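Participant: Please find one structure pasted underneath; my questions will follow.
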Amino acid sequence: MPIEDDRNLSRRTVVGGATLGVAAATSNAFARAPETTQPATGLKDPRSAGPKPPFQRQSQPWPGLAGKMTPKPDHGEASYRGSGRLAGRKALVTGGDSGMGRAAAIAFAREGADVAINYLPDEEPDAREVIAAIRDAGRKAVAIPGDLRSEAFCKKLVDTAVRELGGLDIVVNNAARQQTHASILDITTEQFDWTMKTNIYAPFWIIKAALPHLAPGSAIIGTTSEQATDPSEDLYDYAQTKAATTNYVRSLAKQLAPKGIRVNGVAPGPIWTPLQVSGGATMDKLEKFGGDTPLGRPGQPAELAGIYVRLAENDGSYTTGHVYGSAGGKGLP
Ligand code: NAD
Ligand code: MG
């Protein structure tokens, strides 16, 4: 059953635009990255800032749940601290239940934004944790489950977000379908279409629906991938959708700059998320996940949260048409 937005939500005190919801009540429920920050210097060693391979072999039915992964991904629940960088902003994040979308949603809320998340109905358990984290930050949370492969739903998603948030100025197109196939011969037309609809059509439909609501200063962010420039042999269909994402970021940035709307992308490398354990990677790849990067480990979604904030905030006003990578030293954005 979808979560109803709580209109009577009692907000925590907001001081100077900065929310005080720093330590989420949910923090104990999540695995923390090993404590690597040196108290004396404030330095955090990137080599040991997250779990390293080998990882336990594991598989979940698609789309997978973060809550059932071993180890559980770190989305910044216990660590992200806001400082009012998005005070008063209104954000819609697709795939906001888990992975990079969850990390962005939590960070946005702690930076002072109200946040609507979209996800699939099967992901309700993950989504509930995100909704709780947004509310713990003292912000309005709107849960809008539904399948992005439908143009009618994408339009309804934007309309609902605008209505419930009272406007919209950050749109994060982050949801995606990734399934590994050893051969192009294993990809059916239905599978190919599924990937294209989710990864290419949905952002097209969402941006078209959102544009009339976006005032100058608004930001559109697409999650692309290192796959856009260095595609894996077993991700034939997925990788080309990421090339398309990087490409639309660059063309739309030029088209929308005269309207004062910025468009940027985030290009993750191997990040520990449900997408990888629900058909996105082979068991062999999963066991060694991220081990071939110079940092020797996969990234955690929390390590990308600040990038989404940076691309959305007013201080990033000269940044448009760019793709910001985070890939442990190996991939290219
Ligand atoms: P994730 O599984 O946590 O997030 C993907 C989300 O997509 C799901 O939570 C789901 O809600 C959503 N989704 C998929 N199909 C949908 C549909 N038909 N309708 C509605 N929602 C749908 O995994 P993630 O890795 O955080 O993925 C987020 C983004 O990061 C994706 O764009 C992915 O391509 C990109 N990315 C991930 C990695 C990685 O290694 N994990 C690397 C590069 C890029
Ligand atoms: Mg999910």
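The values are calculated or read from the model by the stated rules, or taken from the named source; none is laboratory data. From a predicted model like this one, the values you see are computed outputs, not experimental measurements. A quick note on method: Cβ atoms are made from the backbone with ideal geometry, for glycine too, and the neighbour counts reach across all protein chains shown.
Participant: Whether any residue in segment 86-102 is among the aliphatic types (A, V, I, L, M), within 30 Å of Gln179 (Cβ to Cβ), in a helix (DSSP H, G or I) and in contact with a Leu (Cβ under 6 Å, 6 or more places away or on another chain) is what I want to check. Outline the logic, then answer.
Facilitator: Just the residues of segment 86-102 that are among the aliphatic types (A, V, I, L, M), to begin with: 86-87, 91-93, 100.
Narrowing the set further to residues that are within 30 Å of Gln179 (Cβ to Cβ) leaves 91-93, 100.
Next, only the ones that are in a helix (DSSP H, G or I) stay: 100.
Within this subset, residues satisfying the condition of being in contact with a Leu (Cβ under 6 Å, 6 or more places away or on another chain) are 100.
Scanning segment 86-102, I find at least one residue that is among the aliphatic types (A, V, I, L, M), within 30 Å of Gln179 (Cβ to Cβ), in a helix (DSSP H, G or I) and in contact with a Leu (Cβ under 6 Å, 6 or more places away or on another chain), so the answer is yes.
Participant: Tally up the residues in segment 275-306 that are hydroxyl-bearing (Ser, Thr, Tyr) and either within 16 Å of ligand 2 (Cβ to nearest atom) or within 30 Å of Gly82 (Cα to Cα) (or both), please.
Facilitator: So in segment 275-306, the residues hydroxyl-bearing (Ser, Thr, Tyr) come out as 278, 282, 293.
Adding the requirement that they be either within 16 Å of ligand 2 (Cβ to nearest atom) or within 30 Å of Gly82 (Cα to Cα) (or both) leaves 278, 293.
The number of residues fulfilling the criteria is 2.
Participant: Please go through segment 164-218 and give me each residue that is of a type in the set (D, E, K, R) and in a loop (DSSP other than H, G, I, E, B), ordered by number. Walk me through how you get there before you give the answer.
Facilitator: Going through segment 164-218, the residues of a type in the set (D, E, K, R) turn out to be 164, 169, 177, 186, 190, 193, 197, 208.
Correct list: Asp169, Arg177.
Participant: If you don't mind, another one. Might you check whether a residue that is in contact with a strand residue (DSSP E or B) (Cβ under 8 Å, 6 or more places away or on another chain) and aliphatic (A, V, I, L, M) occurs anywhere in segment 182-201?
Facilitator: Scanning segment 182-201 turns up no residue that is in contact with a strand residue (DSSP E or B) (Cβ under 8 Å, 6 or more places away or on another chain) and aliphatic (A, V, I, L, M).
The rows are residues; the columns are (1) at pLDDT below 95; (2) surrounded by 17 or more Cβ atoms within 10 Å (Cβ to Cβ); (3) β-branched (Val, Ile, Thr).
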{"residue": "Ala40", "(1), (2), (3)": "yes, no, no"}
{"residue": "Arg47", "(1), (2), (3)": "no, no, no"}
{"residue": "Gly50", "(1), (2), (3)": "no, yes, no"}
{"residue": "Trp62", "(1), (2), (3)": "no, no, no"}
{"residue": "Gly76", "(1), (2), (3)": "no, yes, no"}
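Participant: List the residue pairs whose Cβ atoms are under 7 Å apart, where the first residue sits in segment 95-118 and is within 10 Å of ligand 2 (Cβ to nearest atom), the second is modelled with pLDDT under 95, and the two are 6 or more positions apart or on different chains.
Facilitator: none
Participant: Residues of segment 113-134 being surrounded by fewer than 24 Cβ atoms within 10 Å (Cβ to Cβ) and either modelled with pLDDT under 95 or assigned to a loop (DSSP other than H, G, I, E, B) (or both), which ones?
Facilitator: Leu120
Participant: Report every pair of residues separated by at least 6 positions or lying on different chains whose Cβ atoms are under 7 Å apart, first residue within segment 235-249 and outside any helix (DSSP H, G or I), second within 16 Å of ligand 2 (Cβ to nearest atom).
Facilitator: From segment 235-249, the pairs are Leu235/Gln178.
Participant: Is it the case, given these coordinates, that Pro71 is under 24 Å from Gly290 (Cα atoms) and either out of contact with any His (no Cβ under 7 Å at 6 or more places or on another chain) or within 13 Å of ligand 1 (Cβ to nearest atom) (or both)?
Facilitator: Spelling it out, Pro71 is indeed under 24 Å from Gly290 (Cα atoms) and either out of contact with any His (no Cβ under 7 Å at 6 or more places or on another chain) or within 13 Å of ligand 1 (Cβ to nearest atom) (or both).
Participant: Answer yes if at least one residue in segment 293-313 is more than 18 Å from the chain's Cα centre (by Cα) and acidic (Asp, Glu), and no otherwise. Outline the logic, then answer.
Facilitator: Here is the first cut: in segment 293-313, the residues more than 18 Å from the chain's Cα centre (by Cα) are 293-297.
Right, trim to acidic (Asp, Glu) and you get none.
No, segment 293-313 contains no residue that is more than 18 Å from the chain's Cα centre (by Cα) and acidic (Asp, Glu).
Participant: On to the next question. Which one of these is closer than 19 Å to His75 by Cβ and either among the basic types (Lys, Arg) or assigned to a loop (DSSP other than H, G, I, E, B) (or both): Gly328, Gly306, Gly296? Full working, then the answer.
Facilitator: Numbers: Gly306 fails: either among the basic types (Lys, Arg) or assigned to a loop (DSSP other than H, G, I, E, B) (or both); Gly296 fails: closer than 19 Å to His75 by Cβ.
Just one listed residue meets the conditions, Gly328.
Participant: Let me ask something else about it. Sort through Gly167, Gly260, Gly222 and tell me the only one that's on the phi > 0 side of the Ramachandran plot, in contact (Cβ under 8 Å) with a residue 40 or more places away in the chain and in contact with a helix residue (DSSP H, G or I) (Cβ under 7 Å, 6 or more places away or on another chain). Talk me through it step by step, then tell me what you get.
Facilitator: Details: Gly260 fails: in contact with a helix residue (DSSP H, G or I) (Cβ under 7 Å, 6 or more places away or on another chain); Gly222 fails: on the phi > 0 side of the Ramachandran plot.
When all the criteria are applied, what remains is Gly167.
Participant: Here's another thing I want to ask about it. Pull up segment 135-158, narrow it to residues that are in a loop (DSSP other than H, G, I, E, B) and under 19 Å from the mean Cα position of the chain (by Cα), then point me to the one that is nearest to Glu124 (Cα to Cα). I'd like the intermediate steps shown before the answer.
Facilitator: We begin by selecting, within segment 135-158, every residue in a loop (DSSP other than H, G, I, E, B); these are 137-140, 146-150.
Add one more test, that the residue is under 19 Å from the mean Cα position of the chain (by Cα), and what stays is 137, 139-140, 146-149.
On the way: Ala137: 20, Arg139: 20, Lys140: 18, Gly146: 11, Asp147: 13, Leu148: 16, Arg149: 18 Å.
Looking at residues that are in a loop (DSSP other than H, G, I, E, B) and under 19 Å from the mean Cα position of the chain (by Cα), I get Gly146.
Participant: Test of understanding: among Gly279, Gly291, which residue is more than 26 Å from Ile187 (Cβ to Cβ) and out of contact with any helix residue (DSSP H, G or I) (no Cβ under 9 Å at 6 or more places or on another chain)? Write out each step before concluding.
Facilitator: On the way: Gly279 fails: more than 26 Å from Ile187 (Cβ to Cβ).
Gly291 is the lone residue from the list that is more than 26 Å from Ile187 (Cβ to Cβ) and out of contact with any helix residue (DSSP H, G or I) (no Cβ under 9 Å at 6 or more places or on another chain).
Participant: Could we say that Ala161 is outside any strand (DSSP E or B), under 19 Å from Ala312 (Cβ atoms) and either basic (Lys, Arg) or away from ligand 2 (no atom under 12 Å from the Cβ) (or both) here?
Facilitator: yes
Participant: Any idea which of Arg177, Arg149 is more than 16 Å from Leu252 (Cα to Cα), within 16 Å of ligand 2 (Cβ to nearest atom) and in contact (Cβ under 8 Å) with a residue 60 or more places away in the chain? Steps first, please.
Facilitator: On the way: Arg149 fails: in contact (Cβ under 8 Å) with a residue 60 or more places away in the chain.
Criteria check complete, one pass: Arg177.
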